[in-house]
Amino acid sequence: MKPVIDLAGKQVLVVGLARTGIATALFCAERGAHVTATEARSESEIAETAAKLRAAGVTLELGGHRSETFTEQDLIVPSPGVPPMMPALAAARAIGIPVWSEIELAWRFLRGRLICITGSNGKTTTTSLIGHILEAAGFPVQVAGNIGTPLISRVDISSDASFTVVEASSFQLESISAFRPDIAVLLNLTPDHLDRHGSIEAYSRAKARMFENQTAGDAAVINAEDAIAPQYAPAEPRLFWFSRLKRVANGCYLRGDEIVFRCEGAETVLLERKHIGLRGSHNLENVLAAACAARLAGAEPAAIAEGVRTFAGVEHRIEYVATISGVEYYNDSKATNVDATLKALDAFPGNVLVILGGKDKGSDYRILRQTLRSHARMALLIGSAADKIEAELAGVIPIERAETMARAVEIASRHAKTGDIVLLAPACASFDQFENYEHRGRVFKQLVRELEKKHAA
């Protein structure tokens, strides 16, 4: 049984009023809580949101956070972007006030079975693919979480018969308490968000919290080929692996051109590799993980094959945009860390002009040097991380400082020749020049389409 919480009459503080914070404040107010929402931005900056929340009975504290407010609550729910060691949150914890992530609160009300996906890269693709496969299999399914829709906004449409497939970030998982997925998928662990977590070890521990409340009736699915993820394999749930290089004891693996599910010695062919339409070996791993999770959820092989075959991919993930004068343009704005950029570059045989840069997350860009030598012939740098990237990649390939996305696309179009690839794969966060990675990707695509119109004219 899930630990229940009755929100009626409780003092609940929501910290941060981005998408998740707004959904959480409204959810708690609808259930009779006395909700206060605190936000660093001013009234004028969030006027529409402020009006909506006040109409729902939410008390607002805008333009900063009052430390005394934090110690007067029964529950605090910080938005994912709020650091957990914020002094006011630490003070609240010190006197025993629960501080939960939104997914923790949502899970306690959610009905049906939960499949949770985390990792450094591939989360959105794998989450979307699992949802697509389960839909093809005829299951009631909804997709939520870090993928763009707060989990808490899907509680009311969940049912005892439904599956909820949720993408979870380290920011969300580091503040769980009893959160427990029925199926938990760990794709990979590479350095990311070190500006917040401080070390790869702390970042990995936050991700691995996904497993900590699972029981013997639950399942954990882990990448057998990842350098770090197997170190966090849990003891309690049933353990399944996925691998494109070797047979696994239990889980999914590639056997020749077949993807095979193996469980207690019995093997079932789920699909053939030719059914996969996504570029790159990393997407083969994503398909293996998704197929394993879907099979554990009860999907039949035919439905898994059909789901993979008809899956078109997700926006901002090695997304084809256009071909202009023989040059192909791809949007991988979701490549917000170095490892994701490596995977994007590896998806192409060479002749790549890559757009790098944005807000640094404490990354080591020197890791890109070898792959850039073999796959790229130019790097265009944008954003606040440009100085660091240029210093760490000096002498590898020609580099041009573009500063803005518009300049990067313009310079790339002048230098690109027939057969080249122009790839946005920034290896950085987007918040220095854009609202989020989606905004960055949309701007890139719009610039490419404008370029396409000019050439057509």
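The values are calculated or read from the model by the stated rules, or taken from the named source; none is laboratory data. Values in this document were obtained by computation on a predicted structure and should not be read as measured data. Please note: Cβ atoms are built from the backbone with ideal geometry, for glycine as well, and neighbour counts cover all protein chains shown. Surface accessibility is based on the protein's heavy atoms, side chains included, excluding ligands, DNA and RNA. Shrake-Rupley method; radii C 1.70, N 1.55, O 1.52, S 1.80 Å.
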Listed by chain and number, the residues whose amide H is under 5 Å from that of residue 190, excluding neighbours fewer than 5 places away on the same chain and using placed H, are 120
Once normalised by the length of segment 167-271, the mean sequence separation of its alpha carbon contacts under 8 Å that are 6 or more apart gives a contact order in percent of 19 percent
Which of rounded, prolate, oblate describes segment 47-118, given a ≥ b ≥ c as roots of the alpha-carbon gyration tensor eigenvalues and a/c under 1.5 marking rounded, otherwise prolate only if a/b is larger than b/c?
-> oblate
Would you pull out the residues with amide H under 5 Å of residue 360's amide H, same chain only if 5 or more places away, H placed 1.01 Å from N?
-> 385
One finds the C-alpha centres of segment 206-243 and segment 102-124 to be spaced, in Å, by 15 Å
Could you give log10 I(q)/I(0) at q = 0.21 Å⁻¹ for segment 270-392, computed by the Debye formula over C-alpha point scatterers of equal weight, without solvent?
-> -1.18
Just order 59-68, 179-188, 341-350 by mean Cβ neighbour count inside 10 Å, highest at the front, would you?
-> 179-188, 341-350, 59-68
Over the chain, how many percent of alpha carbon pairs lie in each 10 Å bin up to the one with the longest distance?
-> 4, 20, 28, 26, 17, 5, 0
Hey, can you grab everything whose amide H is under 5 Å from the amide H of residue 10? Only 5+ residues off in sequence or another chain; H modelled, so Pro and N-termini drop out.
-> 34
Cα-based Rg and Dmax for segment 353-414, in Å, come out at 10.8, 32
Using Cα pairs closer than 8 Å and at least 6 residues apart in sequence, work out the relative contact order for segment 341-457, in percent.
-> 32 percent
Would you kindly derive the ³J(HN,Hα) couplings of segment 260-271 from the backbone phi angles with the Karplus curve 6.51 cos²θ - 1.76 cosθ + 1.60 (θ = phi - 60°), listing them in order in whole Hz, with x for Gly and Pro?
-> 10, 9, 10, 8, 6, x, 8, 10, 10, 6, 8, 6
On a C-alpha basis, how far is the centre of segment 260-339 from the centre of segment 73-87 in Å? Whole number, if you could?
-> 35 Å
Could the peptides 430-436, 238-244 be put in order, highest first, of the mean number of other beta-carbon atoms found within 10 Å of their residues?
-> 238-244, 430-436
Based on the alpha-carbon gyration tensor of segment 306-457 and its eigenvalue square roots a ≥ b ≥ c, which shape applies: rounded if a/c is under 1.5, prolate if not and a/b is larger than b/c, or oblate?
-> rounded
How do the peptides 271-281, 371-381 rank, highest first, by the average count of neighbouring beta carbon atoms within 10 Å per residue?
-> 371-381, 271-281
If the chain between residue 403 and residue 10 were fully stretched, how many nm would it gain, using 0.36 nm times the residue separation less the Cα-Cα distance?
-> 136.6 nm
Applied in sequence order to segment 295-303, the curve 6.51 cos²θ - 1.76 cosθ + 1.60 (Karplus, θ = phi - 60°) yields integer Hz couplings, x standing for Gly and Pro, of 5, 5, 7, x, 5, 7, x, 4, 5
What FRET efficiency would be calculated for the residue pair residue 255, residue 455, taking the C-beta separation as r and a Förster radius of 30 Å, to the nearest 0.05?
-> 0.10
State the Cα centre-to-centre distance between segment 152-169 and segment 31-69 in whole Å.
-> 26 Å
The chain, relative contact order [Cα under 8 Å, separation at least 6], % = 11 percent
Reported to the nearest 10 Å², residue 110 has, with a 1.4 Å probe, an accessible area equal to 10 Å²
For segment 181-229, rounded, prolate or oblate, judged on the Cα gyration tensor with a ≥ b ≥ c (square roots of eigenvalues), a/c < 1.5 rounded, else prolate if a/b > b/c?
-> oblate
The ³J(HN,Hα) series, computed from each phi in segment 24-30 with the Karplus coefficients 6.51, -1.76 and 1.60 at θ = phi - 60°, rounded to the nearest Hz and given as x for glycine or proline, is 5, 4, 5, 4, 5, 5, 4
Under the rule that a partner needs its Cβ under 4.7 Å from the first Cβ, which Cys of the chain have none?
-> 28, 116, 263, 428
